Amino acid sequence: MTEITFRPMQKADVPRVAELERLCFRSPWSEKSLAGELKNRIARYRVGLVGQKVEAYAGMWLLYEEAHITNVAVSPEQRRRGFGRALMLEMMRTALLDGACQMTLEVRESNLTAQALYHGLGFEAAGRRKRYYADTGEDALIMWNRDIPKSLAALDTNHQSKGDQP
Ligand SMILES: CC(C)(COP(=O)(O)OP(=O)(O)OC[C@H]1O[C@@H](n2cnc3c(N)ncnc32)[C@H](O)[C@@H]1OP(=O)(O)O)[C@@H](O)C(=O)NCCC(=O)NCCS
């Protein structure tokens, strides 16, 4: 099985992360914006490596006990291998280590794939921002996980019980 490993995003990763932005999003962040995040005191970005290549990344801003996810993406060639889930679990664990026990994000109403990923990790839709996305005028759903420790414990339990099966 292909493995993914995570580490903090570094300056040298920025061109590849910007490339993934362009591959994955209609309104991609620029290299300049991503590089700026490396100097942002409240930002935490992590990249996922398959072999030596960055194939996934995510970012968040830490605002006291709340972690606000800014971006989450897996390269198109590496999807449906559990990497998106592993990446989000990594962000939840990182947030918790930084003292944030709740996590929130916005997701396009039409992005059922990402919504399914977040639901599976204990996030629930808790509101909507009307016409949030300027490119299409689409609404954003606001999703929250209000108890990261509880979700991580439950997900670890699931993992354990699956592993226990013959
Ligand atoms: C959303 C995204 C990160 C998922 O990454 P991924 O590595 O393919 O996800 P995983 O393989 O870990 O799948 C985890 C869960 O997500 C959901 N999911 C992933 N791909 C799906 C698909 N094509 N259709 C339906 N559900 C899907 C499922 O619930 C899946 O769990 P399951 O495998 O037990 O069914 C990826 O599709 C992506 O980068 N999309 C473009 C960028 C984006 O939309 N980012 C989110 C912005 S809010």
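Worth pointing out:
- Yes/no for R16 being more than 11 Å from the chain's Cα centre (by Cα) and within 23 Å of R108 (Cβ to Cβ): no
- Test: W29 is out of contact with any Gly (no Cβ under 7 Å at 6 or more places or on another chain), of a type in the set (F, W, Y), closer than 24 Å to Q115 by Cβ and buried (at least 17 other Cβ atoms within 10 Å of the Cβ): yes
- Strands (runs of 3 or more DSSP E) within region 54-145 that include 3 or more residues within 11 Å of the ligand (Cβ to nearest atom): 66-74, 102-108, 140-145
- Check on E55, at pLDDT 95 or above, among the charged types (D, E, K, R), in contact with a Leu (Cβ under 8 Å, 6 or more places away or on another chain) and within 21 Å of R16 (Cα to Cα): yes
- So I148, is it among the β-branched types (V, I, T), over 23 Å from R26 (Cα atoms) and touching a strand residue (DSSP E or B) at 6+ places or on another chain (Cβ under 9 Å): yes
- Qualifying residue in region 59-71 (condition: under 14 Å from D13 (Cα atoms) and within 11 Å of the chain's Cα centre (by Cα)): yes
The values are calculated or read from the model by the stated rules, or taken from the named source; none is laboratory data. Because the structure is a prediction, the values reported are computed rather than measured. Ideal geometry is used to build each Cβ from the backbone, glycine not excepted, and the neighbour counts take in all protein chains shown.
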